[in-house]
Amino acid sequence: MPKDLRSKATTLTTGDRVHLSALVLGEGPDGVLLDHEQGYSICSFVDIGQQLAKRGYHVVIPEYRNHGASQKTAVNEHIDRDARAGLAELRRVGAKKAFLAGASCGGTTAAVAGVDTPLRVVGLLMMSSPARCIGADGVAAVRKLRVPTLLAVSPGDMQGAVEEQVREVYAASVARKKELVIDQSGFHGTDMIKRAGSSGAALQDRVIQFVVDSYAAAR
């Protein structure tokens, strides 16, 4: 984590008493949850988190169990509880609404956690997110979330297997406004932004604008 952000680090405790490292940026009632993909860390969403915080959003980036500085557990299950802990932290620090976002399994768990949060959900972003991941059912979740939804995937990711699952989520979504971005970079999750040069920068801008537009629509 960059040294200038270490004062923003905190510890979350999940419903099953697992301790997670997390980063809390910004302030105010408009929250954003950013859930990283399996095998990655808080750092994958730091750039977007900082930009959103500068725009006036209250951002929480939890780090999954068995990742980074978070507690190690015997099995890597119940990661939806890690997303729920992130939403609980947003509520604790004063957020009233939440935009849900995540990469790969992080998008799946963000959607699942958003179904039963007391926060008002205003939008959803899922990047390369599977229909189901480690017990978290993203298809069931998007059948209950009517908020603006943006899905992004590269057709070259795992020889098309990820695109197939993302399209399943897209078809199941009941959102009145939903978008499917087909990214040609061939990368997975936040790597579509971080490793894809100019197209990655354009996708990051689109993601940030989607958060802004979702909040505008919710007012």
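The values are calculated or read from the model by the stated rules, or taken from the named source; none is laboratory data. Keep in mind it's a predicted model, so treat the numbers as computed, not measured. Virtual Cβ from ideal backbone geometry, glycine too; neighbours counted across all protein chains shown. We work out accessible area using only protein heavy atoms, side chains counted, and drop any ligands, DNA or RNA first. Shrake-Rupley method; radii C 1.70, N 1.55, O 1.52, S 1.80 Å.
Between GLU179 and LYS72, the FRET efficiency from the beta-carbon distance, with R0 = 35 Å, is close to 0.40. Using a cutoff of 8 angstrom between alpha carbon atoms and counting only pairs six or more residues apart, the relative contact order for the stretch 133-172 works out to 46 percent. Remark on the chain: CYS43 stand apart, with no other cysteine beta carbon under 4.7 Å. The share of accessible area on the stretch 89-185 that comes from carbon and sulfur is 46 percent, using a 1.4 angstrom probe. Once you reduce the stretch 163-219 and the stretch 24-55 to the center of their Cα atoms, the two points are 16 Å from each other. Based on DSSP H segments of at least four residues, each scored -39500 (n - 2.57), the chain has a per-residue ellipticity at 222 nm of -10500 deg cm²/dmol. Are any of the pairs LYS8/LYS177; LYS3/LYS72; LYS8/LYS144; LYS3/LYS194 more than 30 Å apart by Cα-Cα distance, and if so, which? Check vs 30 Å cut-off fails for LYS8/LYS177; LYS8/LYS144. For the stretch 99-153, the square roots a ≥ b ≥ c of the C-alpha gyration tensor eigenvalues yield an a/c of 1.5 or more together with a/b not exceeding b/c, which makes the shape oblate.
Across all Cα pairs in the stretch 71-164, the calculated P(r) in 5 Å bins from zero up to the longest distance comes to 3, 14, 24, 24, 17, 11, 5, 1, 0 percent per bin. Here the Gaussian network model covers the chain, with springs between Cα atoms less than 10 Å apart; of ALA98, ALA110, ALA175, ALA175 fluctuates the most.
What the pair-distance distribution of the stretch 1-94 shows, using all Cα-Cα distances binned every 10 Å from zero, is 18, 54, 25, 2 percent. Average accessible surface for the stretch 1-158: 39 Å² per residue, computed with a 1.4 Å probe over protein heavy atoms with every protein chain in place.
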